[in-house]
Amino acid sequence: MYPRKRLLIVDDEAYLIEILSTILDSIDKYIVDTADSGEKALEKIENEVYELVVTDYGMPKMNGLALTQRIHEISPDTRVIMMTSHDSNELQEALKNIGFDGYVAKPFSIEHIYSIVEDVLNYTQEGADMYRTGECVPAPSVAMFLRNLRIDTGARSILLLSDSGYLIEIIGDTEGLNTSSIGALVAANFLATAEIARLLGDASVFKASYQEGPDYNIYAYRINRETLMVVIFGAESKGGLVRYYTKKTADKIAPLLGVQDDIPEDFTMEGDIDSAVEHEFDQLWS
C-alpha cells in the first residue's frame, strides 16, 4: 500500500468544496484538507506539505494565479490544478506562463476531476502506478485470455485496468465508448467501496461490481490489488455466464500480471454503485 497523499482543495464556494472533498476523501489513498480563500490556503501550505493543490481561479482578494505563484515560492514541489468557469484563450495562456499541472473548466464531471488528479499525481510520483510507469508489464498471453473471454461471454469489449484506472489492455469494439472515463469511474468506485468497508470495520476488499446501463451493462472484477477487469456487454449476454467466465479468466491471468494476489475470496459485492457514479455511467451511454 502506497503512502496516502495530502491534497488541498481551495474554493470560495462552500458547496463545491464539500463535493470535491467528499469525493476525494472517500478514496483511501488521499488525505484531503480544504480552504475557502487563497490567504487561508497559504497558512495551511506554510505548515503542511501537500502533494497537490486544487484551486479555483476566480476568488476575491487573492485569485488562483496569485495563489499559484505563492505556492511555487513556498513549496516548489507541490503540484497545482486550476479550476475555472471563465475559460478563455488568454487565461489558458496566462496559466501556461505561470506554470501549473492541470486545468479543469467548470462545470466538470466526477470522472474528469478524478482523472486529472490521478494523472497529475501519477506523473509526478514515480511508482504510484506500476503499469503506468512501465514497472509492471503483463505477459503477452494475457491478451489471448481476454479475447477468449469476449468470445465465451459475447461481450462487446473487455478492459484490463490498473487500480488507478489506467488502461492496460483493450479487447473488442470500443467505438463510441469513452474508455478512459469508464476506467476512471470503475477504479474510483472500487476505491470508494473499499473505504466504505473500512468505515464499517471490515478489513476485506470488495471484489466485484455490476452496473446496468440503457444500452450496455458493466461487470467489473478485481483480479488483485493492482489490477481490475471490466466486461462491457449487452442484453444478449447472460449475466451469470459473464460472472462465471470473468472469474475463470481472472484466475488464469492473475499469475501472468507480475503482482501478488492477496485479495480474500470470502467477500464479494455485486450491486449498484452510489448514485453519483451511477449518474456518470449513464452519461457515458447518452
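Of all lysines in the structure, the ones whose alpha carbon falls short of 29 Å from that of K252, not counting any fewer than 8 places away in one chain, are K29, K207, K238. Take each peptide in 11-19, 32-40, count the other Cβ atoms within 10 Å of every residue, and average; sorted highest first, the result is 32-40, 11-19. Here the extension length gained between M144 and K44 equals 30.9 nm, from 0.36 nm per residue of separation less the Cα-Cα distance. Legend: ranking of residues F190, F108 from fewest to most surrounding C-beta atoms inside 10 Å; resulting order F108, F190.
When peptides 137-143, 166-172, 4-10, 209-215 are sorted by average Cβ neighbour count within 10 Å, with the highest value leading, the order is 4-10, 166-172, 209-215, 137-143.
Using the Cβ-Cβ distance between E169 and I31 with R0 set to 45 Å, the FRET efficiency works out to roughly 0.90.
Per-residue extension of 0.36 nm, minus the Cα-Cα distance of K238 and I19, leaves a gain of 75.2 nm for this segment.
Just so you know, all these numbers are worked out from the coordinates, no wet-lab data involved. Values in this document were obtained by computation on a predicted structure and should not be read as measured data. Cβ coordinates were reconstructed from backbone atoms using ideal geometry, including for glycine residues, and neighbour counts include every protein chain displayed.
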